[in-house]
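Coordinate-derived values only; no laboratory data. This structure is a prediction, so every number in the text was calculated from the model and none was measured. Here Cβ is always computed from backbone atoms with ideal geometry, including for glycine, and neighbour counts include all displayed protein chains.
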Amino acid sequence: MALKDQTFIFLGEDKQTTERQVFEAFCDIQPNFPGRSLKNWERGANPPDFLCQDFSGQRIGVELTEWVNEGQIAAEKARQDLIMGYLQIIQSERETPPKNIEFVTLAPNRKAPSRKGVEEFRRQLFECIGEVDSRWDSPVSPVGAQPRLQWEFPNHSRLSKHLGCIQYWPVFKSRTPLGIRWIRFRPRGGAYNPEAMVSTLIQIIRKKTAMYKSLHRAQQLSELYLVAYYGSAMLYNPPYHGLNFGFQEVASAISAELSSNAGCFDKVFLFSPVEKNEKILQVWPSAIVRASHSRS
């Protein structure tokens, strides 16, 4: 299956590896992005990140930038580390799933227990779940059995110390098979506005367009492109999708921004590998902007 038909995310061992993954995928999905075939490409002098050459000998520089809110990464990484600490202790995939409960979500309020408390925490957790499963009495609504929340853990002091609550989700169609992780953690929640990620991208684009004024001459480039790619934001930032708002709307906003100042870039692309259909959109020069200018 071609990359253009897949949903994926870039997670290299380091920045250089990630950037190579990005550019290889970009070329695979849109090989004629300059509007003509390329003879070869290699790592650039940073800047640009990559140097391409067409069959007439012209040099094209490609600069990559990641579409991510760096300020939110530290907090979300801390949350991921917290969850991983618990998952390493619990390992629910090794335990027989409950009879009446399809899966369980936990809301920890502190770090996972230290080495001395690990076994007791794990014992109390599965004991508590077993007790709820044995006397399952979740209220039934017109749409079927409903989830149940447990806020207090009598006789389970370790749970009271480390967990804010446990939520039990009843079996809907079939029980969870053995070997599948059935104890999970609440996803990050709360309201969000996709415009926040658009504003983040605009600030990144503005920073880039203010740079590289002499790069064409210094690197003997005939053209210089910018590729803004969506990667770790998938894990650490709120989505850019919303009600009647998605990748095309993001592209329109960035096209409008670049219409007043594209800096030294001859072309600008957005690359989101999580999109099911068009993963790459050219936002400068943009047909959207050209059409709006022709009407004005």
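Here are the numbers:
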| read-out | value |
| --- | --- |
| Whether region 25-160 is rounded, prolate or oblate, judged on the alpha carbon gyration tensor where a/c under 1.5 counts as rounded | prolate |
| For the chain, the spread of Cα positions along each principal axis, largest first, Å | 75, 45, 35 |
| Pairwise centroid distance, computed over Cα atoms, of region 56-117 with region 197-228, Å | 32 Å |
| Spin-label pair residue 146/residue 79, simplified geometry with 7 Å Cα→Cβ offset, distance in nm | 2.6 nm |
| Extension gain, residue 213 back to residue 105 (0.36 nm per residue minus Cα-Cα distance, nm) | 33.7 nm |
| Gain upon complete extension [residue 58, residue 175; 0.36 nm per residue less C-alpha separation] | 36.0 nm |
| Folded to 0 to 90 degrees: helix 195-209 orientation relative to the chain principal axis, Cα | 40 degrees |
| The chain: relative contact order as a whole-number percent, Cα under 8 Å and 6+ apart | 24 percent |
| Listed residue (41, 170, 220) projecting farthest to the positive dipole end of the chain, Cβ model | 170 |
| CD proxy at 222 nm, helix term only [per DSSP H run n ≥ 4: -39500 (n - 2.57); per residue of the chain; nearest 500] | -10500 deg cm²/dmol |
| Acute angle (nearest 10 degrees) that the helix 15-29 long axis makes with the longest principal axis of the chain, alpha-carbon atoms | 70 degrees |
| Sites excluded, chymotrypsin sites (Phe, Trp or Tyr not before Pro) in DSSP loops with at most 16 other C-beta within 10 Å, longest stretch of the chain | 193-296 |
| Fraction of beta bridges assigned by DSSP in the chain that are antiparallel (%, nearest 5) | 65 percent |
